[in-house]
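Quick note: the coordinates plus some simple rules give every number you see, no bench work behind them. Worth saying up front: this structure is predicted, and the values here are computed from it rather than measured. Cβ placement follows ideal geometry from the backbone for every residue including glycine, while neighbour counts extend to all protein chains displayed.
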Amino acid sequence: MRRYSAFAIAREAARHHLGWERAWRSPAPKARYDVIIVGAGGHGLATAYYLGKNHGIRNVAVIEKGWLGGGNTGRNTTIIRSNYLQDPSAAIYEKARSLYETMSQDLNYNVMFSPRGVMMLAQTQHEIRGYQRTAHANALQGVATEFISPRRVKELCPIINIDGPRYPVLGALWQARGGTARHDAVAWGYARACSDMGMDIIQQTEVTGIRREGGRVVGVDTTKGTIGCGKLGIVVAGHSGVMAERAGFRLPIESVALQALVSEPIKPVMDVVVMANTVHGYMSQSDKGEMVIGGGADGFNNYTQRGSFHHVEETVRALVETFPIISRLKMLRWWGGIVDMTGDRSPIISKTPVEGVFVNCGWGTGGFKAIPGSGWAMAELMAKGHSPLAEEFSMTRFREGKFIDESVAAGVAH
Ligand SMILES: Cc1cc2nc3c(=O)[nH]c(=O)nc-3n(C[C@H](O)[C@H](O)[C@H](O)COP(=O)(O)OP(=O)(O)OC[C@H]3O[C@@H](n4cnc5c(N)ncnc54)[C@H](O)[C@@H]3O)c2cc1C
């Protein structure tokens, strides 16, 4: 595949952009692959990419029931940070964040990583103590964060109302190298690199069954027929429970809708990401000028990729009190994604009771930031049977009581 470069852009501009190749192939499925990944979201594609790049396993298919990146990967608010409390979480999220730093160069695809800084506001005494504790933990983990004063918050984000009517801003946990990236581009960049390595990305094809012989996976049934495989990775986020059932085991996952919305575009007003977890809303400004807004997850299980009215009202109310200047903005689009929640709000990257079947799920409301680290760990686990980054995230932790509790630590996990 031809590399993208400034020279290529100039050349194509001169010939009316007629010479660009398709970014990835759309092949018919082969009869058998060494590895099949179900789900062409960021995590599935990153798993395939690192299987090829780090382990030389390239006879791989990624099977997607819709279009690639059309799940949560293309629906999220793109916050990237690694300021988690627990050691295993900080390790995998920081690995991911560091891979984002060079992702555009590694993939030869501009994913628009913007390390503009992420602040999580402390608006209660409890939050101050919690975030100071996280800052100390991060220092020990080698993750660069600091607890900053309300004055510094105002300097970094002048449009914030630090005197808030209900909850004044008392400080913030600040990660200067956190930020955002273009979500579709992350999926597209990985897809292009996988296709370039000879892997097949098969869209509009649902995996409807998992074939086993003697307790071992031998293939999958799909809407385009049966396809054989040596190993299978289930990476389907909100549909993990459904796929696990098809493989004959259960996962401790609940699926709920999480919603987001964007405003009409305006001139640049903020160049950091702000998360206000007590009032519950978070906001950043996209390069197009839209204010990107996210809120809480639905309190009931469902599979509808839609927002619900009471949440959007709560979220917008929270943000109007934090950023009064947005009170007269019109909202352009509003959508939801189905997120996969575990009880301890930490992911599962694990072998399963079926030999050859691996699962990667449970990223819930916060897995975009983890995509490269998760793919790295899942690929290592599938290739070698063991990954130091994934070790603590086995599904057996729920039976053994070895939870990695990030729900209390973060309050919110995006
Ligand atoms: C509104 C919203 C805001 C968010 N904000 C953030 C944020 O700011 N920061 C952050 O880090 N995270 C955020 N997240 C979470 C993040 O988007 C997800 O954790 C992450 O994208 C999950 O990626 P994935 O690849 O696991 O899943 P997905 O991108 O959902 O991909 C799974 C794919 O599997 C496919 N699939 C399912 N079943 C089958 C089947 N049977 N056969 C074939 N294919 C199948 C689906 O079609 C889908 O494309 C947010 C999520 C939402 C919904």
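Below, the figures for the structure above:
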read-out	value
Sorted by Cβ neighbour density within 10 Å, fewest at the top, the residues Arg129, Arg25	Arg129, Arg25
Value of D in µm² per second that Stokes-Einstein yields for segment 31-162, Kirkwood Rh from Cα pairs, at 37 °C (0.692 mPa s)	186
On Cα atoms only, tilt of 183-196 relative to the major axis of the chain in degrees	20
Å³ per residue enclosed by the Cα convex hull of segment 196-353	166
Segment 176-235 - Debye-derived log10 I(q)/I(0), Cα point model, q = 0.15, 0.26 Å⁻¹	-0.64, -1.12
Residue-span extension gain [Lys224 to Met197] - 0.36 nm each, minus C-alpha spacing	7.4 nm
At most 13 other Cβ within 10 Å, DSSP loop - trypsin sites (Lys or Arg not before Pro), segment 325-358	Arg328, Lys330
Amide H contacts of Ser114 (H built 1.01 Å from N, under 5 Å, at least 5 apart or other chain)	Thr180, Ala181
Virtual spin-label span in nm between Leu332 and Met1, 7 Å along Cα→Cβ	2.7
Relative contact order (percent, whole number), segment 109-257, Cα cutoff 8 Å, 6+ residue spacing	22
Amide N proximity, segment 333-353 versus Thr304 label position 7 Å along Cα-to-Cβ, cut-off under 16 Å	334-339
Cα convex hull of the chain, projected area averaged across orientations, nm²	20.2
Which of Ile325, Ile210 has the fewest Cβ neighbours within 10 Å, and the rest in rising order	Ile325, Ile210
Cα-projected label distance for Glu213 with Glu101, points at 7 Å along beta-carbon direction, nm	4.8
Segment 184-342 - percent relative contact order, Cα under 8 Å, separation 6 or more	22
Spatially proximal aspartates and glutamates relative to Lys288 (Cα-Cα < 19 Å; intrachain offsets below 8 disregarded)	Asp184, Glu264, Asp271
Average Cα contact separation per residue, segment 342-414, under 8 Å, 6 or more apart, as relative contact order %	40
Principal-axis tilt of helix 309-322 within the chain, Cα atoms, nearest 10 degrees	50
Mean Cβ neighbour count within 10 Å, used as a protection proxy, ranking 141-154, 279-292 highest first	279-292, 141-154
Helix 87-101 vs. the chain, principal-axis angle (Cα, 0 to 90°, nearest 10)	80
Anisotropy class of segment 1-98 from Cα gyration tensor, a/c 1.5 cut	oblate
Percent antiparallel among DSSP beta bridges (both partners in the chain, rounded to 5)	70
Euclidean distance between Cα centres, segment 99-174 to segment 351-397, Å	27
